[in-house]
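A.B. asks: The structure is given below, and queries will be raised subsequently.
The values are calculated or read from the model by the stated rules, or taken from the named source; none is laboratory data. Here the structure is a predicted model, which is why all the values come from computation and not from measurement. Reconstructed Cβ throughout: ideal geometry from the backbone, glycine too, with neighbour counts over all protein chains shown.
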Amino acid sequence: MKDSRFYGNGLPYKKTAGLKGSLIVIEGTDHVGRSTQIDLLKPWLEVEGYAVVSTRWTRSALLYETIAEAKAGHRLNATTFALLYAADFADRLENEIIPALRAGLVVLADRYMYTAWARNKLMGADPTWSRSLFGFALVPDLVLYLKVDVASLIPRALEGKGMDYWESGIHLAFGTDLFESFCNYQRRLIREFNALAREFNFTTIDARKSPEYVQKKLREHIGDYLRQRKGAAQNEAAAAQPLNSSNGARIEHAQSAGASGAIQHAPDRAQAAK
Amino acid sequence: MTGLYERHPYPGKLIVVEGIDGSGKSTQLRLIHRWLEAAGYRVFFTEWNSSELVRRAIRRGKKKGLLTPTTFSLLHAADFADRLIYQIMPPLKGGMIVLADRYAYTAFTRDVARGVDPQWVREVYSIAPRPDLALYFRVPIEASLERVLTGRQKLKYYEAGMDLRLANEATESFRIFQSRILELYDALTHEFDLKVIDAVRDIDEQQQVVRQLVMDVIRGVEPKKPYERQSLLRQRPAVQKNGRA
């Protein structure tokens, strides 16, 4: 009954068979450089021949303004925060991510439900409840986690837009000193991300190193994944062919692919689509 | 969390009404509100989809047809959570009576009729305390249609489930969508012990039944002292629409 492509029970009313694209998530805390890296990945993927689209956390057409207003008005608490995040995510999932995957694009997601889980937990939401909200979420094909420590985050935050209210967790009353609060909050957030990385087998990249290094690593992992996926899809197509094909060579190819076990590496999505 | 399946520990009382559009539940709740206030109780009223927090997002989403069953469900849950924090929990903890026009059960029928997973929506609403009394006003589709249509002539898009493309014509769509909801309500009466009221009967007859049920539930709640009643009556209208002021 449960569809393995989804974290929970999925979207029963929606047709989600045959999503040909790839969903690649870049996770990591504030100021770690996710969006810069995504901006560099896009042209590279296009040169490689992949159509790409990216999607950003809390940028849904439906909720962007509401979340911004609610943050400004300080009306949110852990529960409503979690629900608005989930609604924003659902809107982008159904209106941006799934249509793009159906069209066969590579979707680069700047943050995913893991960000919500980490933040919700620090705000005091029940972790089981906060996770169950995302039962409709597609499980990504690849999660790349940009891991840093607070020490290397501090200069980036200060040289960037500065430490802001939410990133510093002032709402959690860790203290009145912005700097102290930032360090405290980010330290806890990173700890949550690290735990999630272990639980969900993220591919971790050391983001304390230079942006060039991070980009190189990202390309390696994404390149490996896409090649493997392409190989699996070709084997599968070949395996589907031979019964009504008179081409002997093709049959042989399919059999050898099956024997080598390549099909087993096909991602869940390709399996479920059959 | 199993909030809806266990009795809450707070000194106040939570009374909710449920039913499809045109079942007359709001009328009945209004009469209960008047009656309890006249008897000197501190009563707080809250209604579905009325918080400031997500009102604009819901309105914009509806107008532009942006809502999917899941975002529809989550936005209403955010509205509910906001009212839970600001309007329901404080008076419930303070030993007062809270009246809610629609509750989580509305989501369990409407959202599921739209196609979301029944288990998922129950998890979403596991933050809600179990009401002390949940009244379900059961009415056949035709009676509800007649009431809704005489009231304002035209059926609302989402109320008729037009977003689901069940039928081209609003009345027919309303029939199909609300029939699904009726079936789901009937299943809930057992799961959540909803008290079924025959909403075809005359208003005053229903009200008698309802008052009896309410009386059983509010036993032990202290009404206001006589000197408190007068001063408060001057400051507050008897029936107010919270969140819409």
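A.B. asks: Please count how many residues of the range A:191-224 are touching an Asp or Glu at 6+ places or on another chain (Cβ under 7 Å) and part of a helix (DSSP H, G or I).
C.D. replies: The initial filter retains those residues of the range A:191-224 that are touching an Asp or Glu at 6+ places or on another chain (Cβ under 7 Å), namely A:193, A:202, A:208.
Going one step further and asking which of them are part of a helix (DSSP H, G or I), we end up with A:193.
Count: 1.
A.B. asks: Applying the selection to the range A:64-81, what residues are assigned to a helix (DSSP H, G or I), facing another protein chain (nearest Cβ under 7 Å) and surrounded by fewer than 23 Cβ atoms within 10 Å (Cβ to Cβ)?
C.D. replies: Here is the first cut: in the range A:64-81, the ones assigned to a helix (DSSP H, G or I) are A:64-73, A:78-81.
Pick out the ones that are also facing another protein chain (nearest Cβ under 7 Å) and you get A:66, A:70, A:79-80.
The one that is assigned to a helix (DSSP H, G or I), facing another protein chain (nearest Cβ under 7 Å) and surrounded by fewer than 23 Cβ atoms within 10 Å (Cβ to Cβ): A:Ala70.
A.B. asks: OK, next. Counting only residues that are more than 7 Å from every other protein chain (Cβ to nearest Cβ) and buried (at least 24 other Cβ atoms within 10 Å of the Cβ), which one in the range A:82-95 is farthest from B:Asn49 (Cα to Cα)?
C.D. replies: Looking only at the range A:82-95, we keep the residues that are more than 7 Å from every other protein chain (Cβ to nearest Cβ), and these are A:82, A:85, A:88-89, A:92-93, A:95.
Filter once more, keeping what is buried (at least 24 other Cβ atoms within 10 Å of the Cβ): A:82, A:85, A:88-89, A:93.
Numbers: A:Ala82: 18, A:Tyr85: 18, A:Asp88: 18, A:Phe89: 21, A:Leu93: 24 Å.
Among those residues, the one meeting the criterion is A:Leu93.
A.B. asks: Please identify the pairs in which a residue from the range A:19-38 that is under 18 Å from A:Arg102 (Cβ atoms) has its Cβ atom under 9 Å from the Cβ atom of a residue that is of a type in the set (Val, Ile, Thr) and in a loop (DSSP other than H, G, I, E, B), counting only partners at least 6 apart or on another chain.
C.D. replies: A:Leu23/A:Val139
A.B. asks: Can you name the residue in the range B:23-62 that is within 11 Å of chain A (Cβ to nearest Cβ) and either modelled with pLDDT of 95 or more or out of contact with any Leu (no Cβ under 9 Å at 6 or more places or on another chain) (or both) and, of all such residues, is nearest to B:Pro140 (Cα to Cα)? Give the steps one after another, and end with the answer.
C.D. replies: Of the residues in the range B:23-62, the ones within 11 Å of chain A (Cβ to nearest Cβ) are B:51-62.
From what's left, either modelled with pLDDT of 95 or more or out of contact with any Leu (no Cβ under 9 Å at 6 or more places or on another chain) (or both): B:51-52, B:55-56, B:59, B:62.
Working: B:Ser51: 30, B:Glu52: 33, B:Arg55: 30, B:Arg56: 33, B:Arg59: 29, B:Lys62: 27 Å.
Checking each candidate, the answer is B:Lys62.
Let's see how each residue does on (1) of a type in the set (A, V, I, L, M, F, W, C); (2) buried (at least 21 other Cβ atoms within 10 Å of the Cβ); (3) within 14 Å of chain B (Cβ to nearest Cβ):
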| site | (1), (2), (3) |
| --- | --- |
| A:Gly8 | no, no, yes |
| A:Tyr13 | no, no, yes |
| A:Lys20 | no, no, no |
| A:Ile26 | yes, yes, no |
| A:Thr29 | no, yes, no |
| A:Ser35 | no, no, no |
| A:Lys42 | no, no, no |
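A.B. asks: Still on this structure: How many residues does the range B:46-91 contain that are in contact (Cβ under 8 Å) with a residue 12 or more places away in the chain, closer than 19 Å to A:Leu93 by Cα and charged (D, E, K, R)?
C.D. replies: So the count comes out to 1.
A.B. asks: Can you pull out the residues in the range B:98-117 that are more than 9 Å from chain A (Cβ to nearest Cβ) and either closer than 20 Å to A:Glu94 by Cα or touching a His at 6+ places or on another chain (Cβ under 9 Å) (or both)? Don't jump to the end; show me each part of the working.
C.D. replies: Filtering the range B:98-117 down to residues more than 9 Å from chain A (Cβ to nearest Cβ) leaves B:98-113.
B:Leu99, B:Thr106, B:Ala107, B:Arg110, B:Asp111, B:Val112, B:Ala113, listed by residue number.
A.B. asks: Please go through the range B:29-66 and pick out each residue that is part of a helix (DSSP H, G or I) and buried (at least 19 other Cβ atoms within 10 Å of the Cβ). Write out each step before concluding.
C.D. replies: Here is the first cut: in the range B:29-66, the ones part of a helix (DSSP H, G or I) are B:29-38, B:52-63.
Passing the criteria: B:Leu29, B:Ile32, B:His33, B:Leu36, B:Glu37, B:Leu53, B:Val54, B:Ala57, B:Ile58, B:Gly61.
A.B. asks: Cβ contacts < 7 Å: first residue outside any strand (DSSP E or B), restricted to the range A:43-63; second residue of a type in the set (S, T, N, Q), any location; separation 6+ or different chain. Result?
C.D. replies: A:Trp57/A:Thr115; A:Leu62/B:Thr71
A.B. asks: Taking only the range B:136-191 into account, find how many residues are more than 18 Å from the chain's Cα centre (by Cα), of a type in the set (Ser, Thr, Tyr) and more than 27 Å from B:Gln207 (Cα to Cα).
C.D. replies: 3
A.B. asks: Being of a type in the set (Gly, Ala, Ser), modelled with pLDDT of 95 or more and in a helix (DSSP H, G or I) is the requirement here; does A:Ala157 meet it?
C.D. replies: On the way: of a type in the set (Gly, Ala, Ser): yes; modelled with pLDDT of 95 or more: no; in a helix (DSSP H, G or I): yes.
Judged against the criteria, A:Ala157 is not a match.
A.B. asks: Also, quick follow-up: List pairs: first in the range A:117-144 and more than 9 Å from chain B (Cβ to nearest Cβ), second among the β-branched types (Val, Ile, Thr), Cβ under 6 Å, 6+ apart or cross-chain?
C.D. replies: A:Pro140/A:Val25; A:Leu142/A:Ile24; A:Val143/A:Val25; A:Leu144/A:Ile26; A:Leu144/A:Thr203
A.B. asks: Still on this structure, I have one more. Residue under question is B:Ile20, and the condition is that it be among the hydrophobic types (A, V, I, L, M, F, W, C), out of contact with any Pro (no Cβ under 8 Å at 6 or more places or on another chain) and free of Cβ contacts under 8 Å to residues at least 24 places away in the same chain; does it hold? Spell out the reasoning first.
C.D. replies: Working: among the hydrophobic types (A, V, I, L, M, F, W, C): yes; out of contact with any Pro (no Cβ under 8 Å at 6 or more places or on another chain): yes; free of Cβ contacts under 8 Å to residues at least 24 places away in the same chain: no.
No; evaluated as a whole, the condition is false for this residue.
A.B. asks: Mind telling me which of the residues B:Val200, B:Val221, B:Val214 ends up being aliphatic (A, V, I, L, M), part of a loop (DSSP other than H, G, I, E, B) and within 19 Å of the chain's Cα centre (by Cα)?
C.D. replies: Numbers: B:Val221 fails: within 19 Å of the chain's Cα centre (by Cα); B:Val214 fails: part of a loop (DSSP other than H, G, I, E, B).
Just one listed residue meets the conditions, B:Val200.
A.B. asks: Here's another thing I want to ask about it. Any idea which of (1) in contact with a helix residue (DSSP H, G or I) (Cβ under 7 Å, 6 or more places away or on another chain); (2) free of Cβ contacts under 8 Å to residues at least 12 places away in the same chain is the one A:Ser168 doesn't satisfy?
C.D. replies: A:Ser168 satisfies all of (1) in contact with a helix residue (DSSP H, G or I) (Cβ under 7 Å, 6 or more places away or on another chain); (2) free of Cβ contacts under 8 Å to residues at least 12 places away in the same chain except (2).
A.B. asks: Which of the residues that make up the range B:66-79 are out of contact with any Lys or Arg (no Cβ under 9 Å at 6 or more places or on another chain) and more than 7 Å from every other protein chain (Cβ to nearest Cβ)?
C.D. replies: Of all residues in the range B:66-79, those out of contact with any Lys or Arg (no Cβ under 9 Å at 6 or more places or on another chain) come to B:67, B:71, B:74-75, B:77-78.
Result: B:Leu67, single match.
A.B. asks: Given the structure, is B:Ser73 buried (at least 19 other Cβ atoms within 10 Å of the Cβ), in contact with a helix residue (DSSP H, G or I) (Cβ under 7 Å, 6 or more places away or on another chain) and within 11 Å of A:Ala87 (Cβ to Cβ)? If you could, list the steps in order and put the result at the bottom.
C.D. replies: Numbers: buried (at least 19 other Cβ atoms within 10 Å of the Cβ): yes; in contact with a helix residue (DSSP H, G or I) (Cβ under 7 Å, 6 or more places away or on another chain): yes; within 11 Å of A:Ala87 (Cβ to Cβ): yes.
Taking the combined requirement at face value, the residue satisfies it.
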